[in-house]
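Colleague: Here it is, the structure, as structure tokens.
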Amino acid sequence: MTNGYFACFRRRFGPLRGAVVILAYCIAITLLLSPGPRLQIFLMGILNGDSASIYEAVHGADVVPFVSLAEWLREAYQPNFLAIAFVMAAATLRTGSPAQMLWHGTAAGLVALSINDFTIYQWSGTFEQSSFIQSLFANLCGAFLISCAIVSITQIAEWTIEHLQLSRPVRRAAVALEICAFGIFLNVVIFYAADFFYRPLPVQIDAYLDAPLNGSFATNPSYVDKDNPPFQLFPTDFDVPVVKWRNPNGGISAAWHVTNPQTKFDLQIEILSGCLDADWISGIGADRPSLRVSDIKRLSVSFEGGASDFWIFDTDKGKLSLEADPVAPFGLEVGKKANTKDLWQFIGSHSHLIYANSADVLAFYAGRVFLDSQDDKANTINLVPRKLVVEIDGKPYFITFIPATPMPGDKAACTIAAARKAFQSGTFKMPSSGISVGVRVTVTARPNGLLSRQDSELNVSGESGWITMDDIDGQAMDGVPGGVATLLEAKGNLSIDVDGTAQNVRPTDQFRAIGAFRGISTDHGRLRFVGNATSLTKNERRLNPTKFESGKLTQQLTVLLPLLFFFLSVLIIPFRAAFKTDRAFDQVIDLMRQ
């Protein structure tokens, strides 16, 4: 059919001179076809939807971003739209009167659009009779309206030719540009009409987070620069009894090194059995020989497969920074002590914790449980040996710890073992039936007369897990570094203002915001996030209004109604004029001939 139309064009209009006008019609019709799939979704959503809201009838409670004008225009130039546009141009331009142009264009458009939809349904395997019937209805409406626009555009082209007393090539070029311009104009008008009803507007949020609360935050790397670091939950300066990093699957390792060459450090390593919590270690005395090394520069500690527990003790003189995955689930809990909070954060793979120490003593623990549950079919848990890997100033030590056989009546206890013997033999059978083994490492600085210094740095790396800090007071929370977050989820003790209006918040309400926010700490140890949210939901319900829902419809209509009347007059006046005279568009047809 397309070849027949093309042959007709060639016979009637000539091979080259009229091609520019024909191409202009194809471009204009393509621009009118491209909004069709979206408009069909909008129309069927409104007709078939269960919501009184125009937006929610189509998208439900989700926040669905609307495309930009550039993306909207780029969508027009697809091969199937260009082919359909050529069929409609051929059907309309080879006719005589406006009525023939209207009905031939409607019929050709309906057939071409329906064939296109049927092909897509069959190719994707999603053909349903009800959906195809809806497509036929939408195609009929779309083909009719586009044909009406073609009649109006052609009538305007007729008027232009009548009043433009220039040479034939100039008039041909002017009409072609005019047709393309009207296609772009109508496409852009449709875009802004759809944008008015279906683009969720960004909102300004101001949220305060306090314990107890669970949530998540994330930072898109594209928002990070020297002046806008990513948000970090943990304060850089703090005073807590212990910082814990736990991953039952292992993967944690630590490396320590001297940063101040004027300070010398002495090392002590103790082997501990059955110490499943940091609190258990505090009461243990050094009643067994420990490994001691003087004047060390560098140290690394881990287990084969990584440690499952890592704790840093008495962090009152140091600075901490954490490099972790962009998305971080976290929590704020009420601390055991008065006016304190507990913080925890899940971390992803390839995470790094850096602790710059300024105290005379730095103590940390690395441990691994003996439990192994890889035999899922047998549904049993076995005790397997664990190998400790320690390197002191380049000298490696490997110790294999063999777990003791559990006996009836055994009780969990945290005990200390003979570290010196273990380092000498390389193999050590645990004296009790503890389910874990670990080393407590203490590096002590010798006095050097400096009043303020940073003498050493501890780098901890791990493959996921979670980090906790307990009993942080409000003053220490002030040390949370301000930073950028692009995602925030929170449920619990929070308050939030949206565009200056306070929201009614229950402890069970879940908020989720996507955008660009500045996270800081405030008085009383609360966290505050301020910024623009392109997507904001409460219990998965949209809080971003569209322009139509913004509550400013009266002011908007004072601007939009004159524009709407102008738009309708551009289409209706030439359309009525064409049918009033009901004569063929001879001048446009003649312009496309040789």
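Colleague: Scan the stretch 313-333 for residues that are aliphatic (A, V, I, L, M) and modelled with pLDDT under 90 and jot them down. Spell out the reasoning first.
Modeller: Taking the stretch 313-333 first, the residues aliphatic (A, V, I, L, M) are 320, 322, 324, 327-328, 332.
Across the stretch 313-333, the qualifying residues are LEU320, LEU322, ALA324, VAL327, ALA328.
Colleague: Taking the stated definitions as given, is VAL480 open to solvent by less than 40 Å² (accessible area, probe 1.4 Å), of a type in the set (Val, Ile, Thr) and part of a loop (DSSP other than H, G, I, E, B)?
Modeller: Working: open to solvent by less than 40 Å² (accessible area, probe 1.4 Å): yes; of a type in the set (Val, Ile, Thr): yes; part of a loop (DSSP other than H, G, I, E, B): yes.
Considered against the rule, which asks whether it is open to solvent by less than 40 Å² (accessible area, probe 1.4 Å), of a type in the set (Val, Ile, Thr) and part of a loop (DSSP other than H, G, I, E, B), VAL480 comes out as yes.
Yes/no per residue for (1) part of a strand (DSSP E or B); (2) open to solvent by 10 Å² or more (accessible area, probe 1.4 Å):
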site	(1), (2)
SER294	yes, yes
VAL301	yes, no
ASP325	no, yes
LYS337	no, yes
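Colleague: All but one of (1) surrounded by fewer than 16 Cβ atoms within 10 Å (Cβ to Cβ); (2) in a loop (DSSP other than H, G, I, E, B) hold for THR95, so report the exception by its number.
Modeller: Among (1) surrounded by fewer than 16 Cβ atoms within 10 Å (Cβ to Cβ); (2) in a loop (DSSP other than H, G, I, E, B), the lone unmet condition for THR95 is (1).
Colleague: Right, another one. Please go through (1) part of a loop (DSSP other than H, G, I, E, B); (2) more than 13 Å from ILE29 (Cβ to Cβ) for GLU56 and return the number of the only condition it doesn't satisfy.
Modeller: Of the numbered conditions (1) part of a loop (DSSP other than H, G, I, E, B); (2) more than 13 Å from ILE29 (Cβ to Cβ), the odd one out for GLU56 is (1).
Colleague: Let me ask another. Provide a single number: the residues in the stretch 483-511 that are open to solvent by less than 40 Å² (accessible area, probe 1.4 Å) and either under 28 Å from ASN228 (Cα atoms) or among the polar types (S, T, N, Q) (or both).
Modeller: Final tally of qualifying residues: 12.
Colleague: Another question about this same structure. Select, from ILE190, ILE184, ILE153, ILE161, the only residue that is farther than 17 Å from ILE572 by Cα, open to solvent by less than 50 Å² (accessible area, probe 1.4 Å) and in contact (Cβ under 8 Å) with a residue 40 or more places away in the chain.
Modeller: Numbers: ILE190 fails: farther than 17 Å from ILE572 by Cα; ILE184 fails: open to solvent by less than 50 Å² (accessible area, probe 1.4 Å); ILE153 fails: farther than 17 Å from ILE572 by Cα.
Every option except ILE161 fails the conditions.
Colleague: Give the residues of the stretch 401-432 that are in contact (Cβ under 8 Å) with a residue 60 or more places away in the chain and either assigned to a loop (DSSP other than H, G, I, E, B) or among the β-branched types (Val, Ile, Thr) (or both), sorted by residue number.
Modeller: ALA412, ALA413, CYS414, THR415, ILE416, ALA418, MET430, PRO431, SER432
Colleague: When the stretch 480-513 is examined, which residues are found to be more than 10 Å from PHE217 (Cα to Cα) and free of Cβ contacts under 8 Å to residues at least 60 places away in the same chain?
Modeller: Hits for the stretch 480-513 are THR501, ALA502, GLN503, ASN504, VAL505, ARG506, PRO507, THR508, ASP509, GLN510.
Colleague: So, one more: Check whether at least one residue in the stretch 373-383 is in a strand (DSSP E or B) and modelled with pLDDT of 85 or more, and report yes or no. Step through it out loud before you land on a result.
Modeller: The first filter runs over the stretch 373-383 and keeps only residues in a strand (DSSP E or B), leaving 382-383.
From the residues that got through so far, the ones that are modelled with pLDDT of 85 or more too are none.
No; the residues of the stretch 373-383 include none that is in a strand (DSSP E or B) and modelled with pLDDT of 85 or more.
The values are calculated or read from the model by the stated rules, or taken from the named source; none is laboratory data. Nothing here was measured: the structure is a model prediction, and the numbers come from that model. Here Cβ is always computed from backbone atoms with ideal geometry, including for glycine, and neighbour counts include all displayed protein chains. With ligands, DNA and RNA removed, areas are computed over all heavy atoms of the protein, side chains included. Shrake-Rupley method; radii C 1.70, N 1.55, O 1.52, S 1.80 Å.
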